[in-house]
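Before any comments, here is the structure.
The values are calculated or read from the model by the stated rules, or taken from the named source; none is laboratory data. Owing to the predicted nature of the structure, the values given are computational and were not obtained by experimental measurement. Note that each Cβ is placed from the backbone with ideal geometry, even for glycine, and that neighbours are counted across all protein chains shown.
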Amino acid sequence: MTIYLVLKFLHIIGGMVILGTGSGIAFFLLMAHLSGDAAFISRTLRIVVLADFLFTTTAVAAQPITGYLLMRETATPMSASWIIASFALFAVAAVFWIPVVWMQIKMRQLAATAASESAVLPDLYYKLFRVWFAFGFPGFGADWPRIRAIALS
């Protein structure tokens, strides 16, 4: 197997992990949120934050490395329009993903406090959830065309 195929495989797997983990996180957190149960939401957010750090962060860190190595391997110039578009989409996804991680951590703390005090979730939790939900659309939207371009290259 050539270096190119190994790098491409790792790059595609990284993109799939970003999309798969992100969609899984979104689904499970949405289901927990809809339950309205602070203890369930807190437990779900503990797993969501852990998954984001273990899987998403690793894949996000690997993407530029494998992408750069693929560019070198294929002698693709940094000025290629699809490379520039890919970098731009990656930046858009990052701009929305970084605050989402912070929101998940804050929502986890708020839900844990509400659960331990047998209280209702505070208004701040709901505000953060709405922003978290809204940020998912441009974050995922930026990833789909980028991953498609990687797979077709």
The helices (runs of 4 or more DSSP H) lying entirely within segment 1-112 that contain at least 3 residues which are in contact with a His (Cβ under 9 Å, 6 or more places away or on another chain) are 57-74
Selection from segment 14-57 of residues over 20 Å from Pro99 (Cβ atoms), in contact (Cβ under 8 Å) with a residue 24 or more places away in the chain and hydrophobic (A, V, I, L, M, F, W, C) yields Met16, Val17, Ala38, Ala39
Scanning segment 39-65 residue by residue, the ones that are among the polar types (S, T, N, Q) and modelled with pLDDT under 95 total 4
Checked Gly36, Gly20 against criteria (loosely packed, with under 15 Cβ neighbours inside 10 Å, modelled with pLDDT of 90 or more and under 30 Å from Leu121 (Cβ atoms)); the one match is Gly36
When segment 66-83 is checked residue by residue, the ones that are free of Cβ contacts under 8 Å to residues at least 12 places away in the same chain and polar (S, T, N, Q) are Thr76, Ser79, Ser81
Q.
Looking at segment 95-113, can you tell me whether even one residue there is free of Cβ contacts under 8 Å to residues at least 24 places away in the same chain, loosely packed, with under 14 Cβ neighbours inside 10 Å and either under 22 Å from Val6 (Cα atoms) or of a type in the set (Gly, Ala, Ser) (or both)?
A. no
By residue number, the members of segment 117-143 that are at pLDDT 95 or above, surrounded by fewer than 15 Cβ atoms within 10 Å (Cβ to Cβ) and not in a loop (DSSP other than H, G, I, E, B) are Asp123, Leu124, Tyr126, Lys127, Arg130, Val131
